[in-house]
Amino acid sequence: MGNEYKEQIWNQLRVIQNKMRGYLHEFGKKCGMSLQEILLLREIAARPGITLVEISHTMGMSKSTTSSMVSRLEERGAIIREIPKYNRRIVLLRVSPDFSKRPEIIETRTELVSGLLKDISEEDAVIIMEGLERLDRLLDGSLEQGSKTNPEQKLQEKERDALTLTK
């Protein structure tokens, strides 16, 4: 494939990312949170039990910045910080069940999701999902070539992601 198409794909992904950030920013305003807090919460919700170190790496933020943000969200009752008995040096993060059930969160989330894709047909949804899944696999292949992550860690991540999807 020529670089022209690669460049178009890259540009379209940036456009979509900016739109999603805009929607998430509006969602955050309605819930009284910053965009970074919303993104952090989404990542924790997608990967319950993620460690503070992992979320810092995933979000591209320093551990101290992430820790401060986690503390603010914990004070608001949005997340739960757990220190497991088997390893007192790590911190596991989960979205608080009470927070997830708050009416304004449920209403805003429902409004956000239904508003984003309100006119999508089932056929378009299937085509888009297939394309996104294919892109994800291609990106995994590209990242694996340059990745220094060990195979055991990759397997643990995939197992955790699979468990998240089944819940």
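The values are calculated or read from the model by the stated rules, or taken from the named source; none is laboratory data. Predicted model only: the values in this text are computed from it and were never measured. FYI the Cβ positions are ideal-geometry reconstructions off the backbone, even for glycines, and counts take in every protein chain you see. Heavy atoms of the whole protein, side chains included, go into the accessibility calculation; ligands, DNA and RNA do not. Shrake-Rupley method; radii C 1.70, N 1.55, O 1.52, S 1.80 Å.
Worth pointing out:
- Scanning the range 57-67 for residues that are crowded, with 16+ Cβ neighbours inside 10 Å and in a loop (DSSP other than H, G, I, E, B) yields a single hit, M61.
- Residue tally, condition at positive phi, at pLDDT 85 or above and loosely packed, with under 13 Cβ neighbours inside 10 Å, over the range 7-56: 0
- Test: residue in the range 90-99 that is among the hydrophobic types (A, V, I, L, M, F, W, C), under 30 Å from G131 (Cβ atoms) and outside any helix (DSSP H, G or I): yes
- Taken over the range 65-83, the criterion of being touching a helix residue (DSSP H, G or I) at 6+ places or on another chain (Cβ under 9 Å) and polar (S, T, N, Q) is satisfied by T65, T66, S67.
- Among (1) touching a residue at least 12 places away in the same chain (Cβ under 8 Å); (2) over 14 Å from the mean Cα position of the chain (by Cα); (3) open to solvent by 40 Å² or more (accessible area, probe 1.4 Å), the one test that V70 misses: (3)
- Residue pairs whose Cβ atoms lie under 7 Å apart, separated by 6 or more positions or on different chains, with the first residue in the range 95-108 and closer than 22 Å to S71 by Cβ and the second of a type in the set (F, W, Y) and at pLDDT 65 or above, are I105/F99.
- Among residues of the range 114-136 being under 23 Å from Q8 (Cβ atoms) and not in a helix (DSSP H, G or I), the one that is least open to solvent (accessible area, probe 1.4 Å) is I120.
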